[in-house]
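Accompanying notes for the structure given below.
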Amino acid sequence: MKITKMATGRYSWLLVGLLWIVAFLNYLDRILITSMRDPIVVEFKLSDAQFGLLTSVFLWSYGLLSPVGGFFADRYSRKKVILFSVLVWSAVTVWTGFVGSFHEMIAARLFMGVSEACYIPAALALITDYHKGRTRSLATGLHMSGLYAGLALGGIGGYVATLWGWRCGFQLFGAFGLLYSFVLLYFLKDHQVTPANSAGSKSNKAEKDISPFKAVKILFAERSFYVLMFYFGILGMVNWLVYGWLPTFLKLHFNLSLGEAGISATGYVQVGSFIGVLLGGLIADRWFRTNKRSRLYIVIIGFTLGCPFLFLMSTTPAFSMAVIAMIIYGISRGINDANLMPILSQTIDARYLATGYGCLNFLSTIIGGVMVYLGGRLKDANVDLSIVYQVSAIAMLLACWSLMAVKFKNIE
């Protein structure tokens, strides 16, 4: 039995490593488009609102399908849902490198949203299955650092577009994802609690007990779930305004080149976020030994300190100060990302963990998609993006304080 536990412990960290690469590709493939804005706009003769719509369509389809992807991961197999997601979104990424019109680009972004919607709820739930209590925040945070790496290197799209054309990046990274899916097919394993589970008893019980109607009834019976919905909605608004329009803001506000703006917008925030997931995961897991609300408190503290720096970034005339502000805000976001799924796991019925996260993802990304499109409309109307970021900082601060109302039902 000791050998089995040791093997499971080793695999729980191997799992994080395997999914780190998937998380990297997940955000790299979706964010490439923002750092390649100029050549895409020129080729297809787009307005800022139309370019914003490319990200909005992705987010709307991603959000709408997130609860469905989460439900399939809860009811059937997390491994199969992850594999399906990686295969389809990688194929769509390759397709994006060959599109011939704006309407075809819209279609590709829609299908990318549908396919990527299945990944995050299933992956975070699988990590939560393998990591209990004292390692959960750190494991989640390390996985989320893959997203940051993808966002950071997504900024290299501006350089790729300059050297080889904007289509090359989509074709290259999409092909890599297709190849990596075969690695996952061999190494990825669903969590098995007991030997009896491997014989199929868990699967049969899950298929009998879990239904869409029961999921909705149980999730929305929790008052704390509504608080988390409000928080995720504001988080999605702020995150996607940063993801979608920060390269453009930096380019205009500080007179940077396309490549400099792209790598700065993704790089500095992600450096801070990487520091944040490590600090947030380690501190929350250690604090958890004496305070079961540690993960909630560390998120509130993180954004209370970080949101003023998002405000500062949008107002300072000095690029060096903006860099510092982006890094510190990134730290607060990393602390948040390391602890969101662990907080949810303490709040709702464990049988519907992936479904619950999918519902929150739905709300977050739908609102995020609206805001990315609205950001383009505001820019077309000559509204300075700095005002958008100032409002975002204040809204995020208020949203994090609302988390004090969350009540826990699980202590694990």
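None of the figures in this text is laboratory data; all of them are computed from the coordinates on show. The structure presented is a predicted model; accordingly, all values stated were derived computationally and were not measured. With ideal geometry, Cβ positions are generated from the backbone for all residues, glycine too; neighbour counts draw on all protein chains shown.
A few comments on the model shown:
- Computed over the chain with a Gaussian network model linking Cα atoms closer than 10 Å, the most mobile of 216, 388, 372 is 216.
- Candidates 266, 316, 55, ranked by Gaussian network fluctuation over the chain, Cα under 10 Å, top entry: 316
- Rg over Rh, two decimals, the chain (C-alpha only, Kirkwood Rh): 0.96
- Pairs exceeding a 25 Å alpha-carbon distance, out of 251/379; 80/407; 189/217; 189/409; 45/251; 132/409: 80/407; 189/217; 189/409.
- Of 251, 214, 189, the one that fluctuates the most in a GNM where the chain has Cα springs shorter than 10 Å: 214
- Per residue Cα convex hull volume in Å³ - calculated over region 16-122: 85 Å³
- C-alpha center-to-center spacing [region 21-70, region 115-171] in angstrom: 14 Å
- For the chain, the 222 nm mean residue ellipticity estimated from helices alone, with every DSSP H stretch of n ≥ 4 adding -39500 (n - 2.57) and the total spread over all residues, rounds to -28500 deg cm²/dmol.
- Burial ordering of 124, 138, 18, 282, fewest other beta-carbon atoms within 10 Å first: 282, 18, 138, 124
- Between residue 42 and residue 289, full extension at 0.36 nm per residue minus the direct alpha carbon distance yields a gain of 83.4 nm.
- Within the shell defined by Cβ-Cβ distances under 13 Å, the residues around residue 115 carry a net charge of 0, with Lys and Arg each +1 and Asp and Glu each -1.
- Estimated FRET transfer efficiency when R0 is 25 angstrom, pair residue 401-residue 318 (beta carbons, to 0.05): 0.25
- Radius of gyration over Kirkwood radius for region 257-359, both on Cα atoms: the Rg/Rh ratio is 1.08.
- Other residues with beta-carbon under 11 Å from the beta-carbon of residue 137 carry, at +1 per Lys or Arg and -1 per Asp or Glu, a net charge of +2.
- The residues 103, 131, when put in order of fewest to most other Cβ atoms within 10 Å, stand as 103, 131.
- Rounded if a/c under 1.5, otherwise prolate or oblate - region 101-152, Cα gyration tensor axes: oblate
- If only the Cβ of Lys and Arg carry +1 and only the Cβ of Asp and Glu carry -1, the dipole of region 1-113 around its Cα centre is close to 800 debye.
- Computed over region 292-412, the percent of Cα pairs more than 21 Å apart is 49.
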